[in-house]
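Accompanying notes for the structure given below.
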Amino acid sequence: MENIIKAIQEATIEIKHLIETGDTSKSENQNSTGDTQLKLDIASDIIIEKYFKELSNVKAIISEEQENIIPINENGEYLIAYDPLDGSSLVDVNLSVGSIYGIYKNDFNGKNIVASVYVVFGPRVELVYCDSQTVKMYRLQDGVFNYIKDIKLKKQGNLKAPGSTQQCWYPHHKVMINSFFEDGYRLRYSGGMVPDLHQILLKGGGLFSYPATSDLPKGKLRQLFEVFPFALTYKCAGGGAIDGYKELLEIETNHIHDTTPCFFGSINEIQKVLEVYKSHA
Ligand code: AHG
Ligand code: MN
Ligand code: MN
């Protein structure tokens, strides 16, 4: 596993340079989810693939930006799913973006995730690594990733990051979000799940939601590249990660680009989501 983390660190340093100097315009391609890819999405994907292809313990990789699984080494132990540049449409307005990695064994499924990494490209570059036990944060300083601290969520926080648009929220979801605001929660939503989830983790707690909506009944966020890695991180930080009814890591993935509704937060907020959603099942 150490060589995988090292590869991610090296790719991160190249992607940081790319974000600082690269072209933020759109390409002419669409990815499997139908998003128009930015030139930055494609270039970050190429960087990551280059590093993973050199690792003998990696069996296969799959990227949000590619249609199919890429085999690497038949005898490798690990499978890696990654989103090279999440929130890439925020680069042109100079907001934070990120990369997300889920490391699996046997097959690409929530039950089989064994580690996760995400990287926040903000005013500083931070890398958060969860090995299924602890959640550790590192900061890039003078070309080196220095350990900063372990991350733990409080039982309850005061931040709320509600995804999608109210126009498409189902009535019970809208009532639930309003009730968080009535309880004093503060709105913190940038449109990039990496900085939004990082903020909730570092400020002690709250709730990030990307629900089922009238336009996207299966949610927007992708299971293997976005949802499962953060589900593992939130669980290990002492919080929760559900689809409204059940644990996100118990969802079966039928297709590599499947999406799911998702809620990540501290345990009191997750409990409240479960109560509201159960009464509307
Ligand atoms: P990507 O840039 O990889 O396509 O993903 C963006 C995602 C996620 O980061 C964010 O939370 C969500 O899209 C925002 O969607 P809405 O604007 O619908 O809230
Ligand atoms: Mn993404
Ligand atoms: Mn992306």
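Can you go through ASN57, ASN73, ASN29 and tell me which one is more than 17 Å from ILE113 (Cα to Cα), surrounded by fewer than 18 Cβ atoms within 10 Å (Cβ to Cβ), among the polar types (S, T, N, Q) and away from ligand 3 (no atom under 16 Å from the Cβ)? Before the answer, list the steps.
Numbers: ASN57 fails: more than 17 Å from ILE113 (Cα to Cα); ASN29 fails: away from ligand 3 (no atom under 16 Å from the Cβ).
Of ASN57, ASN73, ASN29, the one residue that is more than 17 Å from ILE113 (Cα to Cα), surrounded by fewer than 18 Cβ atoms within 10 Å (Cβ to Cβ), among the polar types (S, T, N, Q) and away from ligand 3 (no atom under 16 Å from the Cβ) is ASN73.
Does LEU221 satisfy the criteria of being more than 19 Å from LEU85 (Cα to Cα) and in contact (Cβ under 8 Å) with a residue 24 or more places away in the chain? Don't jump to the end; show me each part of the working.
Numbers: more than 19 Å from LEU85 (Cα to Cα): no; in contact (Cβ under 8 Å) with a residue 24 or more places away in the chain: yes.
Answer is no for this residue.
Quick one: is SER63 at pLDDT below 95 and within 16 Å of the chain's Cα centre (by Cα)? Spell out how you get there, then give the answer.
Values: at pLDDT below 95: no; within 16 Å of the chain's Cα centre (by Cα): yes.
Taking the combined requirement at face value, the residue does not satisfy it.
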(request) State which residue is surrounded by the fewest Cβ atoms within 10 Å (Cβ to Cβ) when the search covers only region 32-44 and only residues that are without any contact (Cβ under 8 Å) to a residue 40 or more places away in the chain and closer than 20 Å to ILE19 by Cα. (result) THR36
(request) Kindly indicate whether any position in region 116-130 is away from ligand 1 (no atom under 16 Å from the Cβ), touching a Leu at 6+ places or on another chain (Cβ under 9 Å) and not assigned by TED's automatic domain parsing to the domain that holds GLU77. (result) no
(message) ASP41 - would you say it is within 23 Å of HIS255 (Cα to Cα), of a type in the set (D, E, K, R) and in a strand (DSSP E or B)?
(response) no
(request) For THR259, work out the one condition from (1) under 24 Å from SER89 (Cβ atoms); (2) in contact with a His (Cβ under 9 Å, 6 or more places away or on another chain) it doesn't fulfil. (result) (2)
(request) Return yes when ILE148 is among the β-branched types (Val, Ile, Thr), within 22 Å of LEU249 (Cβ to Cβ), surrounded by fewer than 21 Cβ atoms within 10 Å (Cβ to Cβ) and more than 16 Å from ligand 3 (Cβ to nearest atom) and no when it is not. (result) no
(message) Out of the residues in region 76-108 meeting the condition of being assigned to a strand (DSSP E or B) and more than 16 Å from ligand 2 (Cβ to nearest atom), tell me which one is surrounded by the most Cβ atoms within 10 Å (Cβ to Cβ).
(response) ILE103
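With the structure loaded, tell me whether GLY98 is at pLDDT 95 or above, under 23 Å from ALA231 (Cβ atoms) and near ligand 1 (Cβ under 10 Å from one of its atoms) or whether it fails that test.
Details: at pLDDT 95 or above: yes; under 23 Å from ALA231 (Cβ atoms): yes; near ligand 1 (Cβ under 10 Å from one of its atoms): yes.
Taking the combined requirement at face value, the residue satisfies it.
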(message) Residue under question is SER27, and the condition is that it be polar (S, T, N, Q) and part of a strand (DSSP E or B); does it hold?
(response) yes
(request) Return only the number of the condition from (1) within 20 Å of PHE264 (Cβ to Cβ); (2) charged (D, E, K, R); (3) within 16 Å of ligand 1 (Cβ to nearest atom) that ASP92 does not satisfy. (result) (1)
(request) Check off (1) over 14 Å from the mean Cα position of the chain (by Cα); (2) buried (at least 16 other Cβ atoms within 10 Å of the Cβ); (3) hydroxyl-bearing (Ser, Thr, Tyr) for THR260 and give me the number that stays unchecked. (result) (1)
(request) Sort out which residues of region 190-205 are touching a Gly at 6+ places or on another chain (Cβ under 9 Å), away from ligand 2 (no atom under 15 Å from the Cβ) and closer than 18 Å to GLY122 by Cβ, and write them in order of number. (result) GLN199, ILE200, LEU201, LYS203
(message) Every residue in region 188-206 that is away from ligand 1 (no atom under 13 Å from the Cβ) and modelled with pLDDT of 95 or more, please.
(response) LEU201, LEU202, LYS203, GLY205, GLY206
(request) Go through region 153-183 and count every residue that is outside any strand (DSSP E or B), out of contact with any His (no Cβ under 6 Å at 6 or more places or on another chain) and within 24 Å of ARG222 (Cα to Cα). (result) 14
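The values are calculated or read from the model by the stated rules, or taken from the named source; none is laboratory data. None of the values given here were measured: they were computed from a predicted structure. All Cβ positions, even for glycine, are placed from backbone atoms using ideal geometry, and neighbour counts span all protein chains on display.
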